[in-house]
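In what follows, a single structure is set out as structure tokens and then discussed.
The values are calculated or read from the model by the stated rules, or taken from the named source; none is laboratory data. Predicted model, so just to flag it, every value in this text is computed and none were measured. Cβ sites come from the backbone with ideal geometry, for glycine too, and all protein chains shown count toward neighbours. The area values use the complete protein model at the heavy-atom level, side chains included, leaving out ligands, DNA and RNA. Shrake-Rupley method; radii C 1.70, N 1.55, O 1.52, S 1.80 Å.
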Amino acid sequence: MRREGRPQRRTIPLNLIVDDRKVLVVGGGQVGRRKTQNLLEAGAAVELVCPDCVEALRGLAESGRIVWTRRAFRPGDVAGRLLVFACTDDKHVNRAILDEARAAHVPCCCSDMNWCDGDFTTPATARLGDLVVAVSTSGQSCKAARDVKNEIVAALGEGRDLELLVLGTCDALLPSRKRAPYHLPSEERAVLGPLLKRVRGVREFFILNTCNRVELVAVASRDPGVAAVLRRLTGFDRLAPEERFELTGFDAFRHLARVASGLESSLLGEFHIVSQVKDALAEAERNGWSAGAIQFAGAEVLRVSKAVRHAVEGMLRVAEIDQVAVRYLGVHGGLDAKTHVVVVGTGMVGRGAVEALVAMGVRLTWIYHVNVPEAPAGVAVRRMDELPEVLKDADVVLSAVDSSRPVVTREMAPSVMDRNVLFVDLGVPRNIDPYFDDCGHGVTVADLDDLKLWHRVKTGTLNEVLAKADEVVRAEYRDLV
């Protein structure tokens, strides 16, 4: 918008080549200093004409970087110059310089209100290596031009200083009971995402929230302050350094490749993690948290993780968490045709458990919250609000729900007390209220940590597997950002 009382001139931007060309600056104040410094950065041969000057210009003259003629401007000073800058604090002198330059056919720039009668203006300028940023408001506001230039420079500086960053914690560092408060179910991700998006220095990100880990994966500035803000927003700053990890660059990429290949899972080599990474990337794209950089990084992680899986196959005995849970039930739950098993949750783990339990011939009830599942023949399907009634006849309960609060609450205790009921809790945060852990009355609870201890991988040496994986990652790694 045009400011009242200020002239406006249409201009065309140019990149003027001034290497070793003679340029005259008249005036030794701060304006003259700024013009001189910009000219020197461009390689011009600067002659300064003024009786006195600021200390910075005096230093340039003493070091031989500029020629200082210690007197007032005289007719004839503009001869042979490529450009002239009239920067004195006297508008009449500046006008005289402009008239002299115009008569000599030398382009002149005035620093006061005479500018609109001059031949050119100099925009607010900054250099980032070979990149030059210049902003002009057609004479309306020098301050506005500087402010916009500073905003652009800050954004470009961040963009030229980006790297892959991973913050998080996992079951190897923090047991499930302590880890639960830091997990980010879908409703919490929906709140956190917009906050993360507003952090200056963060270009893109996605959030990986699984049963054994919660991680923020970002393309972000190397500035340590950015990571500090992200730790604060995710709550990871409340964890001791040994209870969390923070990885950048190649270390971050290698970690993600290990994660996506199942080598950082509770059950070494499991495949569910691939779908979970893909879902996290899709969520980020859907919510506007990511674009090209993160999506490319994610695609590369999945590509390399596939190569890792191929390289270490035969060294591992692979099992999915739903498979392990069903095996656990087979050993500890006494499963037969009379056993009533209740599966809570219709996600990937819940579906896998139902398929395996159907094959074992148990009496099965499947509990859903929002979407009615397509259940195999013979499987009863009930709503979540019917769970208290269903529990009255349950022998085994397997729960795998993405929820920030328990779905089996202590208020449901009368439905299971004084009966031998086995709960298997695959949720993080916990799906089964911790009240049931020590309530007795025939109730037994096993969580993810219990299953991990029960199902130790016996074949292969973990160190050998990870060494082989690292060999593949290093060979496949590309500079992502």
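Beta-bridge orientation, region 279-434: approximately 0 percent antiparallel, per DSSP, counting only bridges with both partners inside. Among the protein heavy atoms, those of residue 454 account for about 100 Å² of accessible surface (1.4 Å probe, every chain in place). Backbone phi angles across region 70-80, fed through the Karplus curve with coefficients 6.51, -1.76 and 1.60 (θ = phi - 60°), yield HN-Hα couplings of 7, 6, 7, 5, 10, x, x, 5, 7, 4, x Hz in residue order; Gly and Pro are listed as x.
Given the DSSP H assignment, sum -39500 (n - 2.57) over each helix run of at least 4 residues in the chain and divide by its residue total; what's the result at 222 nm in deg cm²/dmol, nearest 500?
-11500 deg cm²/dmol
Backbone amide hydrogens, once placed in the peptide plane, bring residue 398 within less than 5 Å of 342, 343, 344, 424, excluding anything fewer than 5 places away on its chain.
Cα centroid separation, region 54-83 to region 217-276: 57 Å. Of all DSSP-defined beta bridges confined to the chain, some 40% are antiparallel rather than parallel. Can you list the aspartates and glutamates whose alpha carbon sits under 12 Å from that of residue 178, skipping same-chain ones fewer than 8 residues off? Straight-line reach from residue 178, under 12 Å: 243, 449. Starting from the Cα of residue 67, move 7 Å in the Cα-to-Cβ direction to define the label point; list residues of region 21-49 whose amide nitrogen is under 13 Å from there. Counting only backbone N, you get 21-25, 45-49.
By the gyration tensor of its Cα atoms, with a ≥ b ≥ c the square roots of the eigenvalues, what is the shape of region 162-293: rounded for a/c under 1.5, prolate for a/b over b/c, or oblate?
Working: a/c = 1.35, a/b = 1.21, b/c = 1.12.
Rounded.
With Rg and Dmax of the Cα atoms in Å in mind, check (1) 22.5, 75; (2) 23.5, 72; (3) 34.4, 110 and report the label derived from this structure. Of the labelled values, this structure produces (3). Ignoring lysines fewer than eight residues from residue 392 along the same chain, the ones with Cα atoms less than 20 angstrom from its Cα are 338. For the chain, the longest principal axis of the alpha carbon atoms and the long axis of helix 348-359 meet at an angle near 20°.
Once you have a ≥ b ≥ c as the square roots of the Cα gyration tensor eigenvalues for region 220-296, tell me rounded if a/c is under 1.5, and otherwise prolate or oblate according to whether a/b is larger than b/c. Oblate, since a/c reaches 1.5 and b/c is not below a/b. In loop segments of region 335-431 as defined by DSSP, the GluC sites (Glu not before Pro) with at most 10 further C-beta atoms inside 10 Å of their C-beta are 374. Overall, region 297-402 carries a charge dipole of about 280 debye about its Cα centre when +1 sits on the Cβ of Lys and Arg and -1 on the Cβ of Asp and Glu, all other atoms neutral. Taking amide H as placed 1.01 Å from N in the peptide plane, the amide H of residue 382 sits under 5 Å from that of 366, 367, 368, each at least 5 places away or on another chain. Here are some pairs, 197/278; 22/91; 91/143; 35/143; which of them have Cα atoms lying more than 26 Å apart in this structure? Table pairs above 26 Å Cα-Cα: there are none.
For region 6-77, trypsin sites (Lys or Arg not before Pro) are listed when DSSP marks them as loop and at most 16 other Cβ atoms sit within 10 Å of their Cβ; the list is 9, 10, 21, 65, 70, 71. For region 327-343, putting each phi into the Karplus relation 6.51 cos²θ - 1.76 cosθ + 1.60 with θ = phi - 60° gives couplings of 4, 4, 5, x, 7, 9, x, x, 5, 8, 5, 8, 6, 8, 9, 10, 9 Hz, in residue order, rounded to whole numbers and with x for Gly and Pro.
Could you pull out which residues in region 337-372 have an amide N less than 17 Å from a spot 7 Å beyond the Cα of residue 383, following the Cα-Cβ vector? Answer for region 337-372: 345-346, 366-372.
Here residue 17 sits with roughly 130 square angstrom of accessible surface, probe radius 1.4 Å.
Rounded, prolate or oblate, given the Cα gyration tensor of region 342-403, with a/c below 1.5 counting as rounded? Before the final figure, lay out each step's value.
On the way: a/c = 1.44, a/b = 1.09, b/c = 1.32.
It is rounded, given that a/c, with a ≥ b ≥ c, falls under 1.5.
Could you let me know the centre-to-centre spacing of region 370-434 and region 104-119, using Cα atoms, in angstrom? About 81 Å separates the Cα centre of region 370-434 from the one of region 104-119.
Of all lysines in the structure, those lying under 20 Å Cα to Cα from residue 468, and not within fewer than 8 positions of it along the same chain, are 306, 458. Axis of helix 292-312 versus longest Cα principal axis of the chain: the two differ by about 40°, to the nearest ten degrees. Residues whose amide H falls under 5 Å from that of residue 68, counting only those 5 or more places apart or on a different chain, are 48, with hydrogens built in the peptide plane.
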